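Below: the structure, in structure tokens.
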Amino acid sequence: MSSTEPTTRTAGTSRTTRTLRPTRTTRVKRFRRTERTAALVSALAATGVLMAAAPAAPAAQTAPRTALGSASVPAAAPGRQDGGACRGHGVDPAARIRYRSDVVIHAPLARVWRLQTDVERWPVWQPPVTGVERLDAGPLRRGSRFRWTTPAPATPTTPATTLEITSTVRQLQRGGCLLWSGPAVGEGLRIDEGVHLWTFTEVDGGVRVHTEETWTGAQVEADVPMATAALAAGLEAWLHDLKTTAEHA
């Protein structure tokens with residue numbers, strides 16, 4: 001008997017309890033899976049809309065932060081705690097990765113709506129969006145599709161790549177709401193489906209913009225808190241850019 005094997009004696013008998021340790025192969029597989037997850041989240045955190053490099057908002061406008069698992073993410077804005085919808089449809093109710101937030105933009109609704117729906121001009125006011133291609137003609141409408149790209153830098157386990165997102169408009173109410181969904185794919189990176197909702201409500205002095213998004217997919221779901229933190233930072237940056245552009249147009 002090895003000295004490392006603990007022994008329990010009961011009623012004159014001896015029973016040896018062996019501590020099972022992971023084999024080297026199991027440890028390597030676990031390490032590689034963890035490394036791939038970390039690489040994915042690192043890339044998401046550094047890519048365009050998913051975590052745009054926006055200037056910090058003034059302290060008085062900074063959203064409160066709340067702990068979520070091992071990550072700290074901005075809390076959902078207090079102005080709207082219920083989920084939103086566009087023509088009765090919203091984000092994925094079963095998704096484990098989700099975030100929502102609101103901002104009041106002191107600008108006309110027509111201007112805010114135009115900025116958000118003229119997708120081909122996103123790169124003008126969102127520098128991390130490197131390109132947008134409409135896959136159909138005419139005003140954005142239900143069924144419209146567009147493909148947009150944002151760079152993902154190299155990580156220890158993945159090469160530098162371009163994340164390509166193909167979005168399909170699921171619902172649209174002109175001047176009121178917009179819902180799109182689609183996958184985001186790059187070399188070694190994938191979100192199976194992102195569902196993104198926007199609503200626009202006129203209020204005193206401007207427009208309240210509400211947004212929420214969900215992600216699904218095995219890679220991002222391998223570390224829900226970290227993926228949620230990346231999603232949260234991206235949406236807050238998008239709202240910041242939209243507000244800044246609309247108010248200074």
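The figures follow:
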read-out: Mean projected area in nm² (Cα convex hull; one quarter of hull surface) for the stretch 116-249; value: 8.7 nm²
read-out: Interchain or long-range residues, amide H under 5 Å from S144's placed H; value: V169
read-out: Alpha carbon convex hull of the stretch 134-199, projected area averaged over orientations, nm²; value: 4.9 nm²
read-out: Label point distance in nm, W125-H106, each placed 7 Å from Cα along Cα→Cβ; value: 1.6 nm
read-out: Residue-span extension gain [A85 to L135] - 0.36 nm each, minus C-alpha spacing; value: 15.5 nm
read-out: Å² per residue, accessible surface of the stretch 108-235 at 1.4 Å; value: 41 Å²
read-out: Placed amide H near A107: partners under 5 Å, 5+ positions off or other chain; value: V207
read-out: Solvent-accessible area of H89 with every protein chain in place, 1.4 Å probe, in Å² to the nearest 10; value: 90 Å²
read-out: For the stretch 179-221: rounded, prolate or oblate by the Cα gyration tensor [a/c cutoff 1.5]; value: prolate
read-out: Karplus-derived 3J(HN,Hα), 6.51/-1.76/1.60, for each residue of the stretch 191-207, Hz, glycine and proline x; value: 10, 4, 8, x, 10, 10, 10, 10, 10, 10, 10, 5, 9, 4, x, x, 9
read-out: For the stretch 106-117, Karplus couplings with θ = phi - 60° (6.51, -1.76, 1.60), whole Hz, Gly/Pro x; value: 8, 7, x, 4, 4, 5, 4, 4, 4, 4, 6, 9
read-out: Computed lengthening from D118 to D204, 0.36 nm per intervening residue step minus Cα-Cα distance; value: 28.5 nm
read-out: Between the stretch 104-124 and the stretch 221-249, the Cα center-to-center distance that results, in Å; value: 16 Å
read-out: Amide H contacts of T162 (H built 1.01 Å from N, under 5 Å, at least 5 apart or other chain); value: A152, E187
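The values are calculated or read from the model by the stated rules, or taken from the named source; none is laboratory data. Note that this is a predicted model, so its numbers are computed, not measured. A quick note on method: Cβ atoms are made from the backbone with ideal geometry, for glycine too, and the neighbour counts reach across all protein chains shown. Side chains are part of the model used for accessible areas, which takes the heavy atoms of the whole protein and leaves out ligands, DNA and RNA. Shrake-Rupley method; radii C 1.70, N 1.55, O 1.52, S 1.80 Å.
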